[in-house]
Amino acid sequence: MNESAIPPITYDPAGVLIRETGLSAADLAWLGPRLEAARNEVLDDLALWHSGEPVPKEKQPLDAGFIDLPERLLDQYRAKGDQSELGRILATGNRLAGQVDRVVVLGIGGSYMGARALFEALCHPYHNELPRTHRSMRPRIYFAGNNADNDAAVGLMELLACQSQERWGIIVISKSGSTLETAVALRVFLDHLAQSCGGNVDKVHELVIPITGVKSRLRSLATAMGCTEIFPIPEGVGGRFSILSAVGLLPAAVLGIDVVKLLEGAALTNKRFCNSSSGQNPVLDYVGVCRLMETRRGATTRVLSTWGDRMEAVGLWYDQLLAESLGKNGQGALPLTVVNTRDLHSRGQQHQEGRRDKLITNLVVEKTRHAPIEIKPSTMNQDLLNELAGKTLPDVLRAALAGTNRAYADDRRPTADLRLPRLDEWSLGQLFQMLMLATAVEGRLVGTNPYGQPGVEAYKTHMNEYLRAK
Ligand code: PA5
């Protein structure tokens, strides 16, 4: 099906603008000019970043380079094909997929969450358990270097070692190149890889693909090692805004995910963001509703309620994006991802009757990838399910969503729906870009620099002091 025939993702705050929450479309309209001014500031930031002019102190760091990254990558790919950055990502992804059966992705924070979100949302839910032929000949994937958990690392190395006839490789992602968890994991897994390659150094260097900043210790190490391919994390693209750079795209390409469609989806969001006014602009409307609920109704917890099993990691990616970008100066809403209907049986009670500090945004996929499973009539009707015969699992999920929204509305608890026509690259590309833009817009709206994460440095400093103390 041609992408232009598939409707774009939508944002519908109908469950917020109900009379009972005390907010109306008029409130959103009131905020409109401010939202548009914040959007213009975000776009001015991009122009400033491109100009190379000095960045005023209050805007530093300025990582606006993520905004038009999708268009830049696509344009270069169309002009230069295999010689472009995207062409190289695709070629290396395919090469690695052909050479190895397992890939270990090392990285933390923004250098980890995006690849995991793409993997969990777009690959087969049991990808790693399937035989290679059922994985379109793509490798299994594991994530490490996002903690300092000894036994987890040993467990993964045991797993890699027990399939000694299978080759494995490493994608190591770190913009600074100095993040200790990732750097330590690289050293440990490199040693293990060298053993599994029987000490063949050339082979090792072919099987390790670093993705790193322009100036970083990891780049120096990779260059010294003679790694055949090193991918850049461009200057001006911060870690948690880097999913649509090699950081997310290379692991995705290894897995056979259609990275061009991801970028095309993101480019569509950019178009809507730049050209539509508030009221018809999903990015601005989403920010507007979040702000109004926070400032007027005390909704300081933003629940991203994902429906179905496969978007939890998308939610965790967003948790990090929002928390690290806007959790500054004593401000910033608390992001919380839930998976429904699973978490209706854990957090649901609190969301229905607990403190009134939550805005619930449902993340819903309209159409399943596979034909719906039907409930069949049975001669054993002790479970009384025969009256549901003919209904499908998607019918059950839809009823659960509608029932939950209604239960919340009956108790004046606000909900909004973010709808994806399908869980595919095109919709997800739109969603990732929408949430990154929304975060940047909200930062500018409230006067918080959305880029940089000065607060994360404190623990790193102290950790290093403890480790290096004689
Ligand atoms: O958003 C960010 O910049 C951070 O979450 C980083 O991605 C994270 O700290 C990892 O940093 P690095 O890529 O330098 O190892």
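The values are calculated or read from the model by the stated rules, or taken from the named source; none is laboratory data. Since the structure is predicted, the reported quantities are computational estimates derived from the model, not experimental observations. Glycine also receives a Cβ, built like all others from the backbone with ideal geometry; neighbour counts cover every protein chain displayed. Areas reflect the complete protein model, heavy atoms only, side chains present, ligands, DNA and RNA absent. Shrake-Rupley method; radii C 1.70, N 1.55, O 1.52, S 1.80 Å.
Here are a few things to note about the model shown:
- From Pro377, Pro421, Pro372, Pro414, residue being in contact with a strand residue (DSSP E or B) (Cβ under 7 Å, 6 or more places away or on another chain) and open to solvent by 70 Å² or more (accessible area, probe 1.4 Å): Pro372
- Residue-level check: of (1) at negative phi; (2) outside the structural domain of Leu48 (by TED's automatic domain parsing), Gly288 misses just (2).
- Qualifying position, being in the same structural domain as Leu423 (by TED's automatic domain parsing), within 24 Å of Ser242 (Cα to Cα) and part of a loop (DSSP other than H, G, I, E, B), among Arg369, Arg302, Arg310: Arg310
- Under the condition of being out of contact with any helix residue (DSSP H, G or I) (no Cβ under 9 Å at 6 or more places or on another chain) and of a type in the set (Lys, Arg), the residues counted in the stretch 432-470 number 2.
- Filter pass, Gly308 being under 23 Å from Gly248 (Cβ atoms), at pLDDT below 95 and either surrounded by fewer than 19 Cβ atoms within 10 Å (Cβ to Cβ) or of a type outside the set (Ser, Thr, Tyr) (or both): yes
- Within the stretch 318-335, restricting attention to residues that are in contact with a Lys or Arg (Cβ under 8 Å, 6 or more places away or on another chain) and hydrophobic (A, V, I, L, M, F, W, C), the residue that is nearest to Arg291 (Cα to Cα) is Ala333.
- Only one of Val201, Val254, Val259 that is under 25 Å from Arg102 (Cα atoms) and open to solvent by 10 Å² or more (accessible area, probe 1.4 Å): Val201
- Residue tally, condition touching a residue at least 12 places away in the same chain (Cβ under 8 Å) and either within 16 Å of Asp44 (Cα to Cα) or more than 14 Å from the ligand (Cβ to nearest atom) (or both), over the stretch 437-461: 14
- For Lys271: the one exception among (1) closer than 29 Å to Gln60 by Cα; (2) within 16 Å of the ligand (Cβ to nearest atom); (3) charged (D, E, K, R): (2)
- Residue match in the stretch 218-235 (condition: open to solvent by less than 10 Å² (accessible area, probe 1.4 Å) and either within 29 Å of Leu423 (Cβ to Cβ) or touching a Cys at 6+ places or on another chain (Cβ under 7 Å) (or both)): yes
- Test set (1) within 16 Å of the ligand (Cβ to nearest atom); (2) part of a helix (DSSP H, G or I); (3) open to solvent by 10 Å² or more (accessible area, probe 1.4 Å); (4) of a type outside the set (A, V, I, L, M, F, W, C) - Gly248 fails condition number: (3)
- Taking the stretch 313-366 as the range and being in a helix (DSSP H, G or I), surrounded by fewer than 14 Cβ atoms within 10 Å (Cβ to Cβ) and of a type in the set (S, T, N, Q) as the test, the residues that pass are Gln349, Gln350.
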